[in-house]
Amino acid sequence: MANYQNKVYLASPFFSEGQKNRIKEVVELLKQNPTIDSEGIFIPEDHQFEAEPFGTFKWQDAVFASDMRQVHKADVVVAILDYQTEEGNPEPDSGTIFEIGAAFEHNTPVIMVQFETAHKLNLMLARSYTAFFNGKDDIQNLKKYDFNNLEQKYSTMEVF
């Protein structure tokens, strides 16, 4: 099992250039990790059910159902917590939080990633992760983290 390569659901907002750049950086790091299936990284932005017009009921239903199936199929959820960092809002986006909760409830390990380090972490998020990569330097360790062993990696962030 040492050679197993994990499938990843990448939970993250993807509404701004900064968010898309963070996704790109995390994906590049994950693809360098020998315990990750580089072809098995599900990025929700790439699966938006284009058969239906954006925002319609059928589009909403299809995207939600697809994302939840993929969260449950994944070996691990990697969640980027930075949302509107550029606007000074350090809180994670609600969709990412929902996906973290769905993964946790399904016993899927959650690996949290945060580029911006200067704020507090909600208790529910603080108790639901397996590993927390905090800050631009620490995030580089994603390329060598053993996603098969899933060693606990704590954050020193203050919890509220």
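None of the figures in this text is laboratory data; all of them are computed from the coordinates on show. These figures come from a predicted structure and were not determined experimentally. Don't worry about glycine lacking a Cβ; one is built from the backbone with ideal geometry, like all the others, and counts go over all protein chains shown.
Counting 0.36 nm for each residue step from Asn89 to Glu151 and taking away their Cα separation leaves a gain of 19.3 nm.
Quick one: of the DSSP bridges fully inside region 63-160, what percent are antiparallel, nearest 5? Of the beta bridges lying entirely in region 63-160, close to 10 percent run antiparallel. A simple spin-label model places the labels of Ser66 and Asn21 2.8 nm from each other, with each point 7 Å out along Cα-to-Cβ.
For Phe42, nonlocal amide neighbours, meaning residues 5 or more places apart or on other chains whose placed amide H falls under 5 Å from its own, are Val8, Tyr9, Leu10. Over 21 Å apart at the Cα level, from the set Lys73/Lys144; Lys31/Lys144; Lys73/Lys136; Lys20/Lys73, are Lys73/Lys144; Lys73/Lys136; Lys20/Lys73. With helices as the sole contributors, the chain gives -9500 deg cm²/dmol at 222 nm; each DSSP H run of n ≥ 4 counts as -39500 (n - 2.57), and the sum is divided by every residue.
Under the combined filter of DSSP loop state and at most 16 neighbouring Cβ atoms within 10 Å, region 54-87 retains these chymotrypsin sites (Phe, Trp or Tyr not before Pro): Phe54. When both region 85-160 and region 29-56 are represented by their alpha-carbon centers, they are found 19 Å apart. Full extension of the chain segment joining Asp46 with Glu28 gains 4.9 nm, where the gain is 0.36 nm per residue of separation less the Cα-Cα distance.
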